[in-house]
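Data first, discussion second: the structure below is written as C-alpha cells.
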Amino acid sequence: MRYFHLPCLALTLSIVLPLTSASGFWSTAYAQDAAEQASIAPDATSADKPIDSLLTDLRRARDPETAQSIASTIMTAWGDSGSATVNLMMQWANEAIGEKRNAAALDFLDQAIVLDPTFAEAWNRRATLHYTMGSYRKSMADIHHVLALEPRHFGALAGLASILAESGRDEMALKAWERYLDVYPADREAQETVTKLSEKLAGNRT
C-alpha cells in the first residue's frame, strides 16, 4: 500500500506501492514514494492547515496536480507522530527498508507501534512492508488498524483495494477504490482503475 498510497499508497512517508497512483497501505493508491511526493511542494498556507481542512480541500480539488500537492502535505502531516522517539523509530525503519534490512525495519516499526498504538502511519508503514514481503494477510491486518484510526487514509484504502484485486475479489476491490475516490476524487489512475474494474465486473455478469 504508496506507503500504502499510490500517488500517495505510501512510503511517506510511505514505502510506496508501485500499484497505482494515489498513495501509506499505501500510497493509489499508494504509489509514489516520499521523495516523489515531496517533489510537488505545497504552499506554506496549506502546510499550516489542520488535517481535516486539508482533507476537505483534497475532496474538493479537481485539478490532479493541485490534489497531489494537497495529498503530499497530508501524508507529511500523517508522518509526524508528535513524538521524537517514535519519529526516530520511523526514520530508522525507513533507512533499514532502503538497505533491504526488512527484519530490522519490522523491529523498528513494532517498537513505534508499541510506543504509540494510535499512530496510524506506523501501522501503514508496516502494512506496506508486509505487502512488499508478500505477507498479504499481515498487511491486511495492519491496514484495518490504519483505517480504524483514520478512515480517510487514502493510502491505506489504496493498499486495501490493491490486495483485494490481486486476490481476485474484484467487487470488494471496486468498493475499496470507490471509498478511496470519495476521499481523493482527482486521482486519475484510481478513476481509470475503477472504470476498468466496473467494466470487468459488468462483463462477468453477462
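Values in this text are rule-based calculations from the coordinates and carry no lab data. Being a predicted model, the structure only gives us computed values, none of them experimental. All Cβ positions, even for glycine, are placed from backbone atoms using ideal geometry, and neighbour counts span all protein chains on display.
For the range 47-206, what class follows from the C-alpha gyration tensor (a ≥ b ≥ c being the square roots of its eigenvalues): rounded when a/c is under 1.5, otherwise prolate if a/b is larger than b/c, else oblate? Oblate.
What order do you get for 77-88, 143-154 when each peptide is scored by the mean count of other beta carbon atoms within 10 Å, highest first?
On the way: 77-88: 15.7, 143-154: 22.3.
So the peptides 77-88, 143-154, ranked by packing, come out 143-154, 77-88.
Restricting the calculation to alpha carbons of the range 84-145 gives Rg and Dmax of 10.5, 31 angstrom. In a fully extended conformation the segment linking Asn102 and Glu199 would gain 31.1 nm over its present Cα-Cα distance, using 0.36 nm per residue.
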